[in-house]
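**Q** Handing you this structure, nothing more for now.
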Amino acid sequence: MKERGMRLREELARLIELQKMESAAGRIQAKKKVLPVQMTTLEDAFKSFSVVVDTEREQLESLRKRRREKDVQLLAGQEALKRTRERLFEVKTNKEYQAMLKEIEVFEAKNSRLEDEMISLLDELDRLETALKTGEGELEAHRRRYEEEKARLEAELNSLAGELNVCVRKGSELKKEIPAEILRKYEQIKSVGRGVAVVAVWREVCDGCHMSIPPQLYNELQKSVLLTTCPNCNRIIYWENRNG
């Protein structure tokens, strides 16, 4: 009887250890699914930030192009105004003189508008250049954080793969040491979706369903002679001494 009790305790210990390995493997597999999602979210956030800076860079280049175009227009307008003023001294009639003055007035107004637009463009260029410089600094800091976090997640993912292999290997080894009938019972309980299949009992209360078991069953459980299941939740139960 004593030998049988010792053998059952050993088998239960292996069963409990198997359950720990399988539970750990389940947690690792769940985390392995979460980590790639976190990596995708991280990458999307970095790309979104990069797009903002790229947009600012494109806006700045577009503004610089407009400024160059306005420079050309203003230079052409100033040259045209100069030539018109020079021609003013060549006119012979008052009518031609008045027409030339009108033409000069048009050129001056056009050039004045171009100069105002240039001032506005320069102000906008200063603003965008400052914003881009700030954005590029933030992007570089963001890039460093992104690369560090990505490397950490990749390392964790690789580590989890190793941990999972250990759990699976230990689980397979334990299964070989557990009697087929006990292992079959364990698998049956797991298959009905009860989460854990092996739970402790203390002071006549099952840790699986948190309900009381009969006193006589509790007494028998402490002897550890027979494989016992909870009459309420049908999980495999074992007595756990929590006094010390």
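**Q** Taking only pairs six or more apart or across chains, which ones have beta-carbon atoms under 7 Å, a first residue in segment 132-143 that is touching a residue at least 60 places away in the same chain (Cβ under 8 Å), and a second residue that is basic (Lys, Arg) and surrounded by 13 or more Cβ atoms within 10 Å (Cβ to Cβ)?
**A** LEU132/ARG57
**Q** Given the structure, is GLU220 farther than 22 Å from ALA24 by Cβ, in a helix (DSSP H, G or I) and at pLDDT below 95?
**A** yes
**Q** Give GLU177, GLU163 a once-over and let me know the one that is out of contact with any Lys or Arg (no Cβ under 6 Å at 6 or more places or on another chain) and among the charged types (D, E, K, R).
**A** GLU163
**Q** Which residue pairs have Cβ atoms under 7 Å apart, sit 6 or more places apart or on different chains, and have a first residue in segment 171-193 that is under 18 Å from LEU8 (Cβ atoms) and a second that is among the basic types (Lys, Arg)?
**A** LEU174/ARG14; GLU177/ARG14; ILE178/ARG14; LEU183/LYS175; ILE189/ARG235
**Q** Of all residues in segment 55-98 being in contact with a Leu (Cβ under 9 Å, 6 or more places away or on another chain) and at pLDDT below 90, which is farthest from ASP116 (Cα to Cα)?
**A** Step by step, filter segment 55-98, then rank; the result is TYR97.
**Q** Just wondering, is there one or more residues in segment 7-23 that are free of Cβ contacts under 8 Å to residues at least 40 places away in the same chain and either on the phi > 0 side of the Ramachandran plot or loosely packed, with under 12 Cβ neighbours inside 10 Å (or both)?
**A** no
**Q** Is it fair to say GLU17 is more than 30 Å from CYS167 (Cβ to Cβ), at pLDDT 95 or above and assigned to a helix (DSSP H, G or I)?
**A** Considered against the rule, which asks whether it is more than 30 Å from CYS167 (Cβ to Cβ), at pLDDT 95 or above and assigned to a helix (DSSP H, G or I), GLU17 comes out as no.
**Q** Being out of contact with any Gly (no Cβ under 8 Å at 6 or more places or on another chain) and open to solvent by 60 Å² or more (accessible area, probe 1.4 Å) is the requirement here; does LYS31 meet it?
**A** Criteria met by LYS31.
**Q** Oh, and also: Could you check segment 208-244 and list, in sequence order, the residues that are among the small types (Gly, Ala, Ser), under 27 Å from SER191 (Cα atoms) and open to solvent by 70 Å² or more (accessible area, probe 1.4 Å)?
**A** Passing the criteria: only SER212.
**Q** Quick one: which of VAL192, VAL201 is hydrophobic (A, V, I, L, M, F, W, C) and under 38 Å from the mean Cα position of the chain (by Cα)?
**A** Selected residue: VAL192, the only one of VAL192, VAL201 that is hydrophobic (A, V, I, L, M, F, W, C) and under 38 Å from the mean Cα position of the chain (by Cα).
**Q** Further question on the same structure: So ASP116 clears everything in (1) part of a helix (DSSP H, G or I); (2) surrounded by 11 or more Cβ atoms within 10 Å (Cβ to Cβ) except one condition, right? Which one?
**A** (2)
**Q** So which residues in segment 84-104 are exposed (fewer than 11 other Cβ atoms within 10 Å of the Cβ), among the charged types (D, E, K, R) and in a helix (DSSP H, G or I)?
**A** GLU86, LYS95, LYS102
**Q** Looking at segment 191-204 only, could you name the residues that are surrounded by 14 or more Cβ atoms within 10 Å (Cβ to Cβ) and at pLDDT 90 or above?
**A** Within segment 191-204, VAL196, ALA197, VAL198, VAL199, ALA200, VAL201, GLU204 meet the criteria.
**Q** Quick one: which of GLU124, GLU154 is touching a residue at least 60 places away in the same chain (Cβ under 8 Å), surrounded by 12 or more Cβ atoms within 10 Å (Cβ to Cβ) and either under 27 Å from the mean Cα position of the chain (by Cα) or not in a helix (DSSP H, G or I) (or both)?
**A** GLU154
**Q** Can you find a residue in segment 132-151 that is among the hydrophobic types (A, V, I, L, M, F, W, C), closer than 17 Å to ARG66 by Cβ, assigned to a helix (DSSP H, G or I) and within 35 Å of the chain's Cα centre (by Cα)?
**A** Scanning segment 132-151, I find at least one residue that is among the hydrophobic types (A, V, I, L, M, F, W, C), closer than 17 Å to ARG66 by Cβ, assigned to a helix (DSSP H, G or I) and within 35 Å of the chain's Cα centre (by Cα), so the answer is yes.
**Q** Could you check PRO179 against (1) open to solvent by 90 Å² or more (accessible area, probe 1.4 Å); (2) of a type outside the set (Phe, Trp, Tyr); (3) at pLDDT below 95 and say which number it fails?
**A** Going through (1) open to solvent by 90 Å² or more (accessible area, probe 1.4 Å); (2) of a type outside the set (Phe, Trp, Tyr); (3) at pLDDT below 95 one by one, PRO179 breaks only (1).
The values are calculated or read from the model by the stated rules, or taken from the named source; none is laboratory data. Bear in mind that the values here come from a model prediction, so they are computed numbers and not experimental data. Cβ: placed from backbone, ideal geometry, glycine included. Neighbour counts: every protein chain shown. Note: accessible area is taken over every heavy atom of the protein model, side chains too, but ligands, DNA and RNA are not part of it. Shrake-Rupley method; radii C 1.70, N 1.55, O 1.52, S 1.80 Å.
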